[in-house]
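This report refers to the structure that appears directly beneath it.
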Amino acid sequence: MTTVLKNVFDRPVSLKDVSTHFCPGCQHGTAHRLCAEAMDSLGVQQRAIGVASVGCSVFLYGYFDIDVVEAPHGRAPAVATGVKRVRKDDFVFTYQGDGDLAAIGTSEIIHAANRGEAISVIFVNNTTYGMTGGQMAPTTLPQQQTSTSPTGRNVASDGYPIRMAELLSGLEGVSYSCRVAVNNPKNIMAAGKAIEKAFRCQVEQGGFGFVEVLTTCPTNWGMNPLKANNRVAEEMIPYFPLGVFKDIAPMGQEV
Amino acid sequence: MPSNRIEIDPIYCKGCALCTIACPQKLIEMSDALNEQGYIPAVISSGNLARCTACALCARMCPDAAIRVFKSVETDGGQS
């Protein structure tokens, strides 16, 4: 009988062995790792094509060991539509922030979802524009102070935060839509399963899968990473409830 | 029998401290020295390492995938 040390947790193969530019505590890194783990699990790394958005997630090509197309701001679902229609056997996903997907790219995501394109969309919601300096986003919470809402978001003039996962679940073309968080190990494991399910929905059924990931932006929230992480449970999840909002077979297919 | 082990990459770690709250036994602490990037990295003492169960919750929580986890397992000489 001998005793050996077995490696039980390591960086996923689909993630490059490089340090990221993300700020300390930024959970883009967590979302990146979960996407990479899902691609490893499904064995699609060699035929994966990521479509990057504009924002802090713009450097997707530097962190994932897969092929990546850079889309114009907000247009990732439109670019992914083209990529998938030309290369039907490849695995295609977009990775977009809330400024990209829910503001400038609202049209593209809604129509790609409504058409039921066979793509997967990872939507990272941190309630602010990260890269450009913490401006108010469509997902900014009521009363949240940002650089363009210094006295707090006024819902009378700015409207209410958009719940994208629920909104998209109302479209016929969407097969899978859910919201997850990565603020504790339990939620992170659930998030990993949800992302894998969305990816599997495309690979096995040709369906449109959408996963909204609640994350922190410690820098633009003006908080340290631990306080920012607490805010997810205290303020974000009450407004953006976690859960699966749609889980059906793709359009035109039997369940 | 060698104890379980975690390796916190001193280059990748940005000192966010999220691993310190993920550890059920609170075995991970922050260093008192800066790393090459100028961050204060997370560290685990050899005494605390002896109590590590290799549950890997710290590694799952880490936004920078900076933690590798090794579990001590017994084998009968064949594949583990």
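Of all residues being touching a residue at least 60 places away in the same chain (Cβ under 8 Å) and touching a Pro at 6+ places or on another chain (Cβ under 9 Å) in the stretch A:205-214, which is surrounded by the fewest Cβ atoms within 10 Å (Cβ to Cβ)? Just the residue, please.
Restricting attention to the stretch A:205-214, the residues satisfying the condition of being touching a residue at least 60 places away in the same chain (Cβ under 8 Å) are A:206-214.
Next cut, touching a Pro at 6+ places or on another chain (Cβ under 9 Å) only: A:206-208.
On the way: A:GLY206: 19, A:GLY207: 25, A:PHE208: 29.
Out of the qualifying residues, it is A:GLY206.
Under the condition of being more than 29 Å from A:GLN205 (Cα to Cα) and either part of a helix (DSSP H, G or I) or without any contact (Cβ under 8 Å) to a residue 60 or more places away in the chain (or both), which residue from the stretch A:15-53 is least open to solvent (accessible area, probe 1.4 Å)? Talk me through it step by step, then tell me what you get.
Here is the first cut: in the stretch A:15-53, the residues more than 29 Å from A:GLN205 (Cα to Cα) are A:17-27.
Checking which are either part of a helix (DSSP H, G or I) or without any contact (Cβ under 8 Å) to a residue 60 or more places away in the chain (or both) leaves us with A:17-22.
Working: A:ASP17: 104, A:VAL18: 57, A:SER19: 45, A:THR20: 34, A:HIS21: 83, A:PHE22: 9 Å².
Result: A:PHE22.
In the stretch A:1-14, how many are facing chain B (nearest Cβ under 7 Å), in a loop (DSSP other than H, G, I, E, B) and either of a type outside the set (Lys, Arg) or surrounded by fewer than 16 Cβ atoms within 10 Å (Cβ to Cβ) (or both)?
We begin by selecting, within the stretch A:1-14, every residue facing chain B (nearest Cβ under 7 Å); these are A:1-11.
Filter again for in a loop (DSSP other than H, G, I, E, B), leaving A:1, A:10-11.
Right, trim to either of a type outside the set (Lys, Arg) or surrounded by fewer than 16 Cβ atoms within 10 Å (Cβ to Cβ) (or both) and you get A:1, A:10.
The total comes to 2.
Taking the residues in the stretch B:1-42 that are touching a Phe, Trp or Tyr at 6+ places or on another chain (Cβ under 6 Å) and more than 26 Å from A:VAL4 (Cβ to Cβ) as candidates, determine which candidate is surrounded by the most Cβ atoms within 10 Å (Cβ to Cβ). Working first, answer last.
Start the filter on the stretch B:1-42 by keeping residues that are touching a Phe, Trp or Tyr at 6+ places or on another chain (Cβ under 6 Å), which leaves B:5, B:14-15.
Those left that are additionally more than 26 Å from A:VAL4 (Cβ to Cβ): B:14-15.
Values: B:LYS14: 27, B:GLY15: 19.
This residue is B:LYS14.
Can you name the residue in the stretch A:70-86 that is of a type outside the set (Gly, Ala, Ser) and touching a helix residue (DSSP H, G or I) at 6+ places or on another chain (Cβ under 6 Å) and, of all such residues, is most open to solvent (accessible area, probe 1.4 Å)? Give the steps one after another, and end with the answer.
The initial filter retains those residues of the stretch A:70-86 that are of a type outside the set (Gly, Ala, Ser), namely A:70, A:72-73, A:75, A:77, A:79, A:81, A:83-86.
Those left that are additionally touching a helix residue (DSSP H, G or I) at 6+ places or on another chain (Cβ under 6 Å): A:73, A:75, A:77, A:81.
Values: A:HIS73: 63, A:ARG75: 80, A:PRO77: 0, A:THR81: 12 Å².
So, considering only residues that are of a type outside the set (Gly, Ala, Ser) and touching a helix residue (DSSP H, G or I) at 6+ places or on another chain (Cβ under 6 Å), the one most open to solvent (accessible area, probe 1.4 Å) is A:ARG75.
Would you mind stating whether A:VAL155 is free of Cβ contacts under 8 Å to residues at least 60 places away in the same chain and not small (Gly, Ala, Ser)?
On the way: free of Cβ contacts under 8 Å to residues at least 60 places away in the same chain: yes; not small (Gly, Ala, Ser): yes.
It is true that A:VAL155 is free of Cβ contacts under 8 Å to residues at least 60 places away in the same chain and not small (Gly, Ala, Ser).
For B:ASP64, state whether it is over 14 Å from B:CYS19 (Cβ atoms), acidic (Asp, Glu), at the interface with another protein chain (Cβ under 7 Å from one of its Cβ atoms) and free of Cβ contacts under 8 Å to residues at least 60 places away in the same chain.
On the way: over 14 Å from B:CYS19 (Cβ atoms): no; acidic (Asp, Glu): yes; at the interface with another protein chain (Cβ under 7 Å from one of its Cβ atoms): yes; free of Cβ contacts under 8 Å to residues at least 60 places away in the same chain: yes.
Considered against the rule, which asks whether it is over 14 Å from B:CYS19 (Cβ atoms), acidic (Asp, Glu), at the interface with another protein chain (Cβ under 7 Å from one of its Cβ atoms) and free of Cβ contacts under 8 Å to residues at least 60 places away in the same chain, B:ASP64 comes out as no.
Here is a list of conditions, (1) in a loop (DSSP other than H, G, I, E, B); (2) touching a residue at least 24 places away in the same chain (Cβ under 8 Å); (3) open to solvent by 40 Å² or more (accessible area, probe 1.4 Å), and A:ILE110 meets all of them except one; can you say which number that is?
(1)
Do we find a residue being surrounded by fewer than 16 Cβ atoms within 10 Å (Cβ to Cβ) and of a type in the set (A, V, I, L, M, F, W, C) anywhere in the stretch A:230-237?
The answer is yes; a qualifying residue exists.
Checking A:ASN183 against (1) part of a loop (DSSP other than H, G, I, E, B); (2) surrounded by fewer than 24 Cβ atoms within 10 Å (Cβ to Cβ), only one condition comes out false. Which one?
Going through the list (1) part of a loop (DSSP other than H, G, I, E, B); (2) surrounded by fewer than 24 Cβ atoms within 10 Å (Cβ to Cβ), A:ASN183 breaks only (2).
Before we move on, is A:VAL92 open to solvent by less than 10 Å² (accessible area, probe 1.4 Å), touching a residue at least 12 places away in the same chain (Cβ under 8 Å) and assigned to a strand (DSSP E or B)?
Considered against the rule, which asks whether it is open to solvent by less than 10 Å² (accessible area, probe 1.4 Å), touching a residue at least 12 places away in the same chain (Cβ under 8 Å) and assigned to a strand (DSSP E or B), A:VAL92 comes out as yes.
Within chain B, considering only helices (runs of 4 or more DSSP H) that don't extend past its boundaries, which have at least 1 residues that are hydroxyl-bearing (Ser, Thr, Tyr)?
Working: elements: B:18-22, B:46-49, B:57-61.
Passing ranges, in order: B:18-22, B:46-49.
Restricting attention to the stretch B:1-59, which residues are among the aliphatic types (A, V, I, L, M) and at the interface with chain A (Cβ under 8 Å from one of its Cβ atoms)?
Correct list: B:MET1, B:ILE11, B:ALA17, B:LEU18, B:ILE21, B:ALA22, B:ALA54, B:ALA56, B:LEU57, B:ALA59.
Among the candidates A:ARG179, A:ARG153, single out the residue that is of a type in the set (Lys, Arg) and within 19 Å of the chain's Cα centre (by Cα).
Working: A:ARG153 fails: within 19 Å of the chain's Cα centre (by Cα).
Residue meeting the stated conditions: A:ARG179.
When you go through A:GLY116, A:GLY82 one by one, which is the residue that is touching a strand residue (DSSP E or B) at 6+ places or on another chain (Cβ under 7 Å) and over 19 Å from A:CYS35 (Cβ atoms)?
Numbers: A:GLY82 fails: touching a strand residue (DSSP E or B) at 6+ places or on another chain (Cβ under 7 Å).
The unique qualifying residue is A:GLY116.
Among (1) open to solvent by 40 Å² or more (accessible area, probe 1.4 Å); (2) within 14 Å of A:THR215 (Cβ to Cβ), where does A:ASN125 come up short?
(1)
Which ones in the stretch B:67-80 are at the interface with chain A (Cβ under 7 Å from one of its Cβ atoms) and out of contact with any helix residue (DSSP H, G or I) (no Cβ under 9 Å at 6 or more places or on another chain)?
Matches in the stretch B:67-80: B:PHE70, B:LYS71, B:SER72, B:VAL73, B:GLU74, B:THR75, B:ASP76, B:GLY77, B:SER80.
The values are calculated or read from the model by the stated rules, or taken from the named source; none is laboratory data. Bear in mind that the values here come from a model prediction, so they are computed numbers and not experimental data. Glycine also receives a Cβ, built like all others from the backbone with ideal geometry; neighbour counts cover every protein chain displayed. Accessible surface is based on the protein model in full, side chains and every heavy atom, while ligands, DNA and RNA are left aside. Shrake-Rupley method; radii C 1.70, N 1.55, O 1.52, S 1.80 Å.
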